[in-house]
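For reference, the structure is listed below as structure tokens.
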Amino acid sequence: MSEQSARQVRDAVASREISAREVAEGVLSRIRAQDDELHSFLTVDEDYALAQADAVDRRLEAGEQPGPLCGVPFSVKDLYDTRGMRTTYGSRVFADRVPDADAVFVERVRRAGGVLIGKTNTPEFGIYIRTVNDLQPETVNPWDPGRTTGGSSGGAAASVAAGFTPIAIGSDGGGSVRIPAALCGLCGLKPSFGSIPQGGGSVGTRRFSAAGPITRFADDAMLLWQVMSGPHGSDPLSQPGYLPPFSTLAQRERTTPRLGWIGDSGVPGAEADVIAAVRAAAERLSDMLDTPLRSPAPSVDAARFAGDFYAIMQADRVSTGGAELMADPIRRELLTDYSRHQFANGAQISGADYSRAVETQTRAQVHLSTLLDEVDVLLTPTLGFVAPRIPSDRSALPEDARRGFVAFTFLANYTGFPAATVACGMVRGLPVGLQLVGRPGSERTLMRLCRDIQEGVFAPPVPARYAAPVS
């Protein structure tokens, strides 16, 4: 399973070469044997998973047409509701919560034949840049257990990198799909705002966060996005015709997209060998496609937008549940220190502050549109450094360190533009990622380029300790 794509698994199950139950049993065996080190899952329900797999096998025996994810094991980040399976949001407050309905996109994956294995680890409410909470030990990086997976979809990324499932659903509010995917050597997609219906979670950001796929193979990310996406009545902003202001739908897909490169985020802390490795991959891609690598600007200039981005994010988290949790002494005591800190900061943001931040959001959309005026896809590092070591005392990373993590990623959330990451090389034995940003509606172009990179620039890597089958 560790090196099989979702499409390969689906085809094998659909053709009856292997049963969905046998696939699920293999995944569960691998998780039992290896996840004690990684802590990538918060919840795994073996009976639940096998019952779903048996249902897939029965439908095939009855002659039903197999779905696009027939028998494919998948996981869901524990920020999203899953019918009948514990959903904690990474919080002790909700440690025993079992929803009676799926998030819309989870239901769609199930209908496509996917077999839900479990819920992956997340910081409480997705707030932190490391995947650590008060429910279980911190998720560690499959390439080096002394290093972080980042956050907040660190459990999802670690589980895919270890080969537990070929696909995982994460969420991305400032880089939370792309950052862990890059640190773990994977492919991840943050879709255009409105592409996938929101909902099925708690204490989040209304207009920044999007569910998105984390996979080893770009084609699998594309497949999972196609299954998850499309309008739904529960989310008016997912309806046809909605696009963020000052952005235009990708008018047409070029045979060879025009590529631009920016290697500076405007935030200090990038490592020169990482930037050089990612740039080299971008140059190899441009050579392979026989298209010039343009330079639309010397810097992404992210720093001037960061403060207002965080103002909206923190205020939204307060208004979507943080205020109620802080007002209840019992629940407040159960919160992590970093959640209390975030909610306290968010409560200080005034209406005028929020209004100014929304105006800055419009300027950020114009800024990113301008960077894309002469190119179809903007290439940047996903992060400017390799996976950092986890502090020995498990202390929080300094608050300003968060800005280094999201320096290249948060503008796509702030503006609603789609962005993807794909592994593009190794630096000091650790994977680094290339980020691709396009205009709303350009997901297919981004994912085709990710596939081009995997086929012609850098093959998807597998951590050595998770490459061999479990005996």
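The values are calculated or read from the model by the stated rules, or taken from the named source; none is laboratory data. Here the structure is a predicted model, which is why all the values come from computation and not from measurement. All Cβ positions, glycine included, derive from the backbone under ideal geometry; neighbour counts span all protein chains shown. These accessible areas exclude ligands, DNA and RNA; they are computed on the full protein's heavy atoms, side chains included. Shrake-Rupley method; radii C 1.70, N 1.55, O 1.52, S 1.80 Å.
General remarks:
- For segment 121-161, a residue qualifies if it is part of a loop (DSSP other than H, G, I, E, B) and more than 21 Å from Ser209 (Cα to Cα), and the qualifying residues are Asp134, Leu135, Gln136, Pro137, Glu138, Thr139, Pro142, Trp143.
- Selection over segment 257-272 of residues that are loosely packed, with under 14 Cβ neighbours inside 10 Å and either modelled with pLDDT of 95 or more or part of a helix (DSSP H, G or I) (or both) gives a count of 1.
- Single condition Ser29 does not satisfy, out of (1) open to solvent by 10 Å² or more (accessible area, probe 1.4 Å); (2) under 22 Å from the mean Cα position of the chain (by Cα); (3) among the hydroxyl-bearing types (Ser, Thr, Tyr): (2)
- All positions within segment 84-98 that are open to solvent by 10 Å² or more (accessible area, probe 1.4 Å), touching a residue at least 12 places away in the same chain (Cβ under 8 Å) and not in a helix (DSSP H, G or I): Gly84, Arg86, Ala95, Val98
- Just one of the numbered conditions (1) closer than 30 Å to Ser15 by Cβ; (2) open to solvent by 10 Å² or more (accessible area, probe 1.4 Å) is not true of Gly113: (2).
- Residues that are of a type outside the set (A, V, I, L, M), within 18 Å of Gly174 (Cβ to Cβ) and open to solvent by less than 50 Å² (accessible area, probe 1.4 Å), drawn from segment 283-307: Phe305, Gly307
- Residues of segment 427-451 that turn out to be under 15 Å from Arg279 (Cβ atoms) and either surrounded by fewer than 24 Cβ atoms within 10 Å (Cβ to Cβ) or hydroxyl-bearing (Ser, Thr, Tyr) (or both), as a count: 1
- Yes/no for Ala158 being within 22 Å of Gln4 (Cα to Cα) and under 18 Å from the mean Cα position of the chain (by Cα): yes
- Condition met for Asp81 (under 23 Å from Trp225 (Cα atoms), open to solvent by less than 40 Å² (accessible area, probe 1.4 Å) and among the acidic types (Asp, Glu)): yes
- Every pair of residues 6+ apart whose Cβ atoms lie under 7 Å, when the first sits in segment 334-360 and is without any contact (Cβ under 8 Å) to a residue 24 or more places away in the chain and of a type in the set (D, E, K, R) while the second is open to solvent by 10 Å² or more (accessible area, probe 1.4 Å) and not in a helix (DSSP H, G or I): none
- Single unsatisfied condition, Val106 versus (1) in contact with a Cys (Cβ under 6 Å, 6 or more places away or on another chain); (2) part of a helix (DSSP H, G or I): (1)
- Taken over segment 446-466, residues that are farther than 14 Å from Ala282 by Cα, touching a residue at least 60 places away in the same chain (Cβ under 8 Å) and small (Gly, Ala, Ser) amount to 0.
- Of all positions in segment 198-214, at least one carries a residue that is among the β-branched types (Val, Ile, Thr), more than 28 Å from Ile275 (Cβ to Cβ) and not in a helix (DSSP H, G or I).
- Applying a threshold of 7 Å to beta carbon distances and a minimum spacing of six or more residues, or different chains, the list of pairs starting in segment 401-424 at a residue that is within 18 Å of Ser195 (Cα to Cα) and in contact (Cβ under 8 Å) with a residue 24 or more places away in the chain and ending at one that is in a strand (DSSP E or B) and of a type in the set (Asp, Glu) reads Asn413/Asp172.
- Some residue of segment 46-55 being in contact (Cβ under 8 Å) with a residue 40 or more places away in the chain and open to solvent by 20 Å² or more (accessible area, probe 1.4 Å): yes
- Exactly one residue out of Gly71, Gly118 is touching a helix residue (DSSP H, G or I) at 6+ places or on another chain (Cβ under 9 Å), at pLDDT 95 or above, open to solvent by less than 30 Å² (accessible area, probe 1.4 Å) and outside any strand (DSSP E or B), and it is Gly71.
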